[in-house]
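See below for the structure under consideration.
The values are calculated or read from the model by the stated rules, or taken from the named source; none is laboratory data. Since the structure is predicted, the reported quantities are computational estimates derived from the model, not experimental observations. Reconstructed Cβ throughout: ideal geometry from the backbone, glycine too, with neighbour counts over all protein chains shown.
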Amino acid sequence: MTMSAMAVSTILAPLQAQAVAEVVTSETAGAWRLEVRRGPRLNPRSRAPSHSYEVLRWAPGADTPETVFSESTTGRPVAFLRSDGLCFVDPVSAKPRIVFPDGQSLDYPLHVVGAPCDDFGYDDLHANQGGRVHFFGDDIVVVRSSNALMQIARFRVDVTAHTATKLDAILEVCSTGPMAQSLARASMPLEPMLRLGDVLLWVNRGASGRMQWERLEGPWRTRALHAYDLSRKQLVDVATLSKQLFLQHHEAALAFVEHEPHRHAVEFEAWIVRCIGECRLTKHFDRVLKLMTTARSATADWNGDGELKSDMRRLRRIYLDALQQLNG
């Protein structure tokens, strides 16, 4: 006795659907495209089932992708794409690597020898644990975290020579004790980051509740805007940044907040709008006014008393002051 074609199709359909690779992440940069795909479970009966993963990259105009990396793992690899096709892959079972536009790859372990957190387990750091890779021209900034360690590091690539410079630590936060993981998380940068000339700016997460606020100590429990001078290789006070720096890059700064309006961190928006007003950049009056009128409820933050408050009123005051300066 044979099964009908319909019965066979009914039985096989779930198995065929399970075998189709799932797109985990997808991004486009310039004319290039990148996808991370996850295949079916390889050992479904296991407590920690693994999957097969492929990192696929499409060149401009290409119909079929190039496989730049593949692995089978219980974790999840991540990959990030630059507009010229260069990508950074952070696997689980292999070393991080740079894949150049022509397909050549370079292993690049993200280990800062001699840095303050050298003994805190770099091998456990992965960009897929709440991290991100940011491309600023030939500079690549990597944000990673693992348990009690948070790292922001930077290196430069040479696409022609297929080389990369030594990794520099921009910021590392590590500690021991019951609040070590909370401290590492509080120091993590929110997306996005901004580069103006040789200065890199970001906002840290801060404490995520009253209990964390009361138990955490130091600067990272408060969400704030931070700056790092790439040429001097040191953190600098945002208040000490020169007006000349902003005047040289005001177009990029304003475009940044227009493209990332009210996203995650209003601290960026407040600082940029305040600088536009203080520098009397009157030609930006209409753009600043438009930004203010499209402002939504700002992200709430924790103050020193542990009470939830809204930044919206303060942000509107900054807008009004800037518009008055631009119209004065």
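Side notes on the structure shown:
Conditions tested, residue by residue: (1) at pLDDT below 90; (2) surrounded by fewer than 20 Cβ atoms within 10 Å (Cβ to Cβ); (3) closer than 28 Å to PRO101 by Cβ.
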site: VAL173; (1), (2), (3): yes, no, no
site: SER182; (1), (2), (3): yes, no, no
site: PRO192; (1), (2), (3): yes, yes, yes
site: ALA207; (1), (2), (3): yes, no, no
site: GLU217; (1), (2), (3): yes, yes, no
site: LEU247; (1), (2), (3): no, yes, no
site: ALA253; (1), (2), (3): no, no, no
site: ALA265; (1), (2), (3): yes, no, no
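- Of all residues making up region 56-89, the number that are farther than 15 Å from VAL24 by Cα and of a type in the set (Phe, Trp, Tyr): 2
- Test for LEU149: is it surrounded by 15 or more Cβ atoms within 10 Å (Cβ to Cβ), modelled with pLDDT under 90 and at negative phi: yes
- Here PHE80, PHE88, PHE100 are screened, and the one residue that is among the aromatic types (Phe, Trp, Tyr), modelled with pLDDT of 90 or more and more than 26 Å from MET188 (Cα to Cα) is PHE100.
- Residue satisfying condition, being among the basic types (Lys, Arg), in a loop (DSSP other than H, G, I, E, B) and at negative phi, within set ARG280, ARG287, ARG274, ARG223: ARG223
- Looking only at region 281-292, and only at residues there that are closer than 17 Å to GLU260 by Cβ and free of Cβ contacts under 8 Å to residues at least 40 places away in the same chain, the one that is surrounded by the fewest Cβ atoms within 10 Å (Cβ to Cβ): LYS290
Here's the yes/no breakdown for (1) touching a helix residue (DSSP H, G or I) at 6+ places or on another chain (Cβ under 9 Å); (2) over 17 Å from VAL20 (Cβ atoms); (3) crowded, with 18+ Cβ neighbours inside 10 Å:
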residue	(1), (2), (3)
ALA48	no, yes, no
SER52	no, no, no
SER70	no, no, no
VAL78	no, yes, yes
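- The lone exception for ARG144 - which of (1) surrounded by 22 or more Cβ atoms within 10 Å (Cβ to Cβ); (2) among the basic types (Lys, Arg); (3) in a loop (DSSP other than H, G, I, E, B) it fails: (3)
- Residue match in region 115-128 (condition: under 21 Å from TRP202 (Cα atoms), modelled with pLDDT under 90, part of a strand (DSSP E or B) and more than 13 Å from the chain's Cα centre (by Cα)): no
- Answer residue from region 230-268, given it is outside any helix (DSSP H, G or I) and in contact with a Leu (Cβ under 8 Å, 6 or more places away or on another chain) and is nearest to PHE136 (Cα to Cα) among those: LEU230
- Across region 166-185, the number of residues qualifying as under 18 Å from ASP229 (Cβ atoms) and either of a type in the set (Gly, Ala, Ser) or assigned to a strand (DSSP E or B) (or both) comes to 5.
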